[in-house]
Amino acid sequence: MRKIDMKTKGSNKTFDEWFEQFIFEHCTMKNFRLSTEKHYREVIEYSFYKLYDKDKVLSQLAQDDINNYVLWLKESDIRDSTVNIQLKALKTVVKFVGDKRGIDTNIKVELIKADIEIIEAYTDEEISKLLTKPNLKKCSFAEYRNWVCVCFLCNTGARRSTLVNIQIGDLFFKIII
């Protein structure tokens with residue numbers, strides 16, 4: 001019977017082969033949403049592969065490759081928070097491969113320091129003005145619609161995409177008071 005050399009397990013696999021295994025084991029088998037898989041594919045295939053040859057044997061991946069990728073992202077015209085989102089995805093892939101013993105575990109993917117952007121919030125007066133019910137006899141449809149949207153978002157904490165995708169079938173008119 002043929003012996004398996006555990007030290008070289010997966011050492012001949014390319015980065016792309018490991019990435020496909022990651023997609024299968026990490027995303028598909030754990031039943032993640034398709035949007036999660038799409039996110040990983042966009043980061044690796046459309047971003048990381050611009051600097052790193054996907055057909056390179058994974059054992060050739062070095063810290064310099066990761067550092068060059070970080071520098072390239074920082075020089076791109078994207079926000080620091082977006083850079084960190086892409087680095088988190090790469091870090092997850094590298095950790096997965098490291099756990100499967102196909103990569104040097106000394107490779108680190110570290111996030112960059114991102115300045116926190118302070119968002120100007122509404123004042124109490126502005127919020128009360130937004131939540132004041134308009135006179136239904138005098139207001140336009142657009143004004144009433146906007147008031148309903150603001151009230152829905154404030155009362156449910158839903159995201160904008162949820163509000164946009166609401167269908168009539170999603171509403172239970174018997175429950176609404």
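All of the numbers you see were taken from the coordinates with simple rules; none came from a lab. Predicted, not measured: the structure shown is a model, and the values here were computed from it. Glycine gets a Cβ as well: all are built from the backbone with ideal geometry, and neighbour counts include every protein chain shown.
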- prompt: Taking the Cα centre of the chain as the origin, how large is its charge dipole in debye, to the nearest 20, when only Lys and Arg (+1) and Asp and Glu (-1) carry charge on their Cβ atoms?
  reply: 780
task: Could you name the lysines whose alpha carbon sits less than 30 Å from that of Lys129, not counting residues in the same chain fewer than 8 places away?
output: Lys137, Lys138, Lys174
Relative contact order, percent, the chain [alpha-carbon distance under 8 Å, six or more residues apart]: 20
statement: Of the listed links Lys50/Lys100; Lys30/Lys74; Lys56/Lys91, those spanning more than 22 angstrom between alpha carbons are Lys50/Lys100; Lys30/Lys74
- prompt: Taking the Cα atoms of region 18-133 alone, what are Rg (to one decimal) and Dmax (as a whole number) in Å?
  reply: 18.9, 64
- prompt: Any idea what angle helix 80-99 forms with the longest principal axis of the chain, computed on alpha-carbon atoms, 0 to 90 degrees, nearest 10?
  reply: 40
Under 5 Å, built H, 5+ apart or other chain: amide partners of Thr14: Leu58
- request: For n ≥ 4 DSSP H runs only, could you compute -39500 (n - 2.57) per run for the chain, divide by its residues and tell me the 222 nm figure to the nearest 500?
  value: -14500 deg cm²/dmol
